[in-house]
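Shown next, in structure tokens, is the structure this report addresses.
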Amino acid sequence: MLPVKPGRTESTDKLRREVNRVIRRYVEQGIAEVVSGAVFVDELHMLDIECFTHLNALLESPMAPAVILTTNRGQSFVRGMSDVVSPHGITRDFLD
């Protein structure tokens, strides 16, 4: 396993907006093409509440990919929420 470099954090909203702006410009100029794909998530019950938030945002985007999910759990706790039990450990809003 590679060591995590100190000072590394998640991408900021500012950086995401800048990347999106550049990609939009490239698409408009015909330099690039955005192609929707598929996201495979194995062991879905291992994701925590924050991951489901990001997946929800991805599915609501204009380029929403096909999403294939697998898990072997029935009713179980949603990781990161000690008081929420749902089918397969998936948040209710994500299931909806």
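The values are calculated or read from the model by the stated rules, or taken from the named source; none is laboratory data. Predicted, not measured: the structure shown is a model, and the values here were computed from it. Cβ placement follows ideal geometry from the backbone for every residue including glycine, while neighbour counts extend to all protein chains displayed. Heavy atoms of the whole protein, side chains included, go into the accessibility calculation; ligands, DNA and RNA do not. Shrake-Rupley method; radii C 1.70, N 1.55, O 1.52, S 1.80 Å.
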Region 6-35, subset assigned to a loop (DSSP other than H, G, I, E, B) and surrounded by 10 or more Cβ atoms within 10 Å (Cβ to Cβ), residue modelled with the highest pLDDT: A32
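Here is a yes/no grid of residues against (1) among the aliphatic types (A, V, I, L, M); (2) farther than 15 Å from I90 by Cβ; (3) touching a strand residue (DSSP E or B) at 6+ places or on another chain (Cβ under 8 Å); (4) touching a residue at least 60 places away in the same chain (Cβ under 8 Å):
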residue	(1), (2), (3), (4)
R24	no, yes, no, no
V27	yes, yes, no, no
D42	no, no, no, no
N56	no, no, no, no
Q75	no, no, yes, no
Looking at (1) at pLDDT 85 or above; (2) within 30 Å of R24 (Cα to Cα), find the lone condition where M63 falls short. (1)
Could you go through region 36-58 and let me know if any residue there is at pLDDT below 85, in a loop (DSSP other than H, G, I, E, B) and open to solvent by 100 Å² or more (accessible area, probe 1.4 Å). no
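Quick grid of which residues meet (1) open to solvent by 60 Å² or more (accessible area, probe 1.4 Å); (2) assigned to a loop (DSSP other than H, G, I, E, B); (3) touching a Pro at 6+ places or on another chain (Cβ under 8 Å); (4) of a type in the set (D, E, K, R):
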{"position": "A64", "(1), (2), (3), (4)": "no, yes, no, no"}
{"position": "N72", "(1), (2), (3), (4)": "yes, yes, no, no"}
{"position": "S76", "(1), (2), (3), (4)": "no, no, no, no"}
{"position": "S82", "(1), (2), (3), (4)": "yes, yes, no, no"}
{"position": "I90", "(1), (2), (3), (4)": "no, yes, no, no"}
